[in-house]
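Only one structure is covered here, and it is reproduced in the block below.
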Amino acid sequence: SGDGKNFSFVQQSFLNGQKEIDLRGKAKKGEGATIVELTKPNKDKLTLGPSIFMTEHLGMLIDAAKAKKTFVTTNVYDGSDDGVELMETTAIIGKIKEEVLTVEGESKQLSQQFRGKAAWPVSVSYFSNSNELGGGEKLPVYQVSFLMHESGVSRNLKMQYEDYSLKGDLKEIEFLKVDVCE
C-alpha cells in the first residue's frame, strides 16, 4: 500500500512446466510486529518481529545513498520462500556514478534514456532470521546487486543463490510525465 503498512504477495515457481510453489498472502505492520496471513497453499496466521516491506527498503536505500551512507541494515519481509520469516538485510552502497549509459544486456537506445541520471552500485545480502542456525557468523541465503537510480529504477540486476544465479536486464521503460504539485 502507498503508506507502506500493507503488503500483498504471490510467489509461483514452475519446474518443467509444472507448478511447484503457489504461495499467496498478505502482511501488515502492527505494533512492533509484522502480521502475516497466508492463504495458499495453507491458511496460516503468523506474528513476526518488526520489519519493513521491499518498497520501503528501496526508499531507505535511496535516502542512504543520497546521504552518502555506505552501509544499511534492517529486517525486511518480502513473502519469499515459505513466507514464514523475516530476512535480515545488509546493503552496501557504492560511490555514485554520475551517468551510466552502457549496461550489458541493454540496447543503446534504452541506455540513452538514462543520460544525465546518476546511479549507485548496490549489493544487498539477505540472511535467514531463523534462530535454528545458532549464533555467530552467517552466510547469506542470497545476494542481489544492481545499479540503483534515485527514481527507484534498478538496472543490471544480478541475484546469486547457493546453487545458481539469475541476471535481469531492463528491456523497456517509459518515463511518465510528472506534474508538479503546488
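The values are calculated or read from the model by the stated rules, or taken from the named source; none is laboratory data. Only a predicted model underlies this, so the values are computations on that prediction, with no experimental measurement involved. With ideal geometry, Cβ positions are generated from the backbone for all residues, glycine too; neighbour counts draw on all protein chains shown. We work out accessible area using only protein heavy atoms, side chains counted, and drop any ligands, DNA or RNA first. Shrake-Rupley method; radii C 1.70, N 1.55, O 1.52, S 1.80 Å.
For the stretch 75-86, which residues satisfy the criterion of being open to solvent by less than 30 Å² (accessible area, probe 1.4 Å) and touching a Ser or Thr at 6+ places or on another chain (Cβ under 7 Å)? Within the stretch 75-86, VAL76, TYR77, LEU86 qualify.
Considering only the stretch 120-137, I want to know if a residue exists there that is under 15 Å from ASN75 (Cα atoms), without any contact (Cβ under 8 Å) to a residue 24 or more places away in the chain and either of a type in the set (Lys, Arg) or out of contact with any Lys or Arg (no Cβ under 8 Å at 6 or more places or on another chain) (or both). Reasoning before the result, please.
Restricting attention to the stretch 120-137, the residues satisfying the condition of being under 15 Å from ASN75 (Cα atoms) are 124-131.
Applying the additional criterion that residues be without any contact (Cβ under 8 Å) to a residue 24 or more places away in the chain yields 131.
If we keep only those that are either of a type in the set (Lys, Arg) or out of contact with any Lys or Arg (no Cβ under 8 Å at 6 or more places or on another chain) (or both) too, we end up with 131.
Among the residues of the stretch 120-137, at least one is under 15 Å from ASN75 (Cα atoms), without any contact (Cβ under 8 Å) to a residue 24 or more places away in the chain and either of a type in the set (Lys, Arg) or out of contact with any Lys or Arg (no Cβ under 8 Å at 6 or more places or on another chain) (or both), which makes the answer yes.
Exactly one residue out of LEU38, LEU23, LEU48, LEU15 is under 18 Å from THR74 (Cα atoms) and of a type outside the set (Lys, Arg): that is LEU48.
Quick one: would you say ASP63 is free of Cβ contacts under 8 Å to residues at least 24 places away in the same chain and either of a type in the set (A, V, I, L, M, F, W, C) or closer than 20 Å to PHE7 by Cβ (or both)? Yes: the conditions hold for ASP63.
Here the strands (runs of 3 or more DSSP E) wholly within the stretch 1-114 that include at least 3 residues being at pLDDT below 90 are 6-15, 18-30. Taking the stretch 126-182 as the range and being of a type in the set (Ser, Thr, Tyr), at pLDDT 90 or above and either under 23 Å from VAL100 (Cα atoms) or outside any strand (DSSP E or B) (or both) as the test, the residues that pass are SER145, SER151, SER154, TYR164. In this structure, is SER123 part of a strand (DSSP E or B) and under 20 Å from the mean Cα position of the chain (by Cα)? The answer is yes for SER123.
Suppose we filter the stretch 48-61 for residues that are touching a Leu at 6+ places or on another chain (Cβ under 8 Å) and surrounded by 14 or more Cβ atoms within 10 Å (Cβ to Cβ); how many remain?
Keep residues of the stretch 48-61 that are touching a Leu at 6+ places or on another chain (Cβ under 8 Å), which gives 48-49, 51.
Right, trim to surrounded by 14 or more Cβ atoms within 10 Å (Cβ to Cβ) and you get 48, 51.
The number of residues fulfilling the criteria is 2.
When the stretch 23-47 is filtered for residues that are more than 22 Å from the chain's Cα centre (by Cα) and open to solvent by 90 Å² or more (accessible area, probe 1.4 Å), the ones remaining, listed by number, are GLU31, PRO41, ASN42, LYS43, LYS45.
Can you tell me which residues in the stretch 9-22 are surrounded by 13 or more Cβ atoms within 10 Å (Cβ to Cβ) and either touching a residue at least 24 places away in the same chain (Cβ under 8 Å) or of a type in the set (Ser, Thr, Tyr) (or both)?
Going residue by residue through the stretch 9-22, those that are surrounded by 13 or more Cβ atoms within 10 Å (Cβ to Cβ) are 9, 11, 21.
Matches in the stretch 9-22: PHE9, GLN11.
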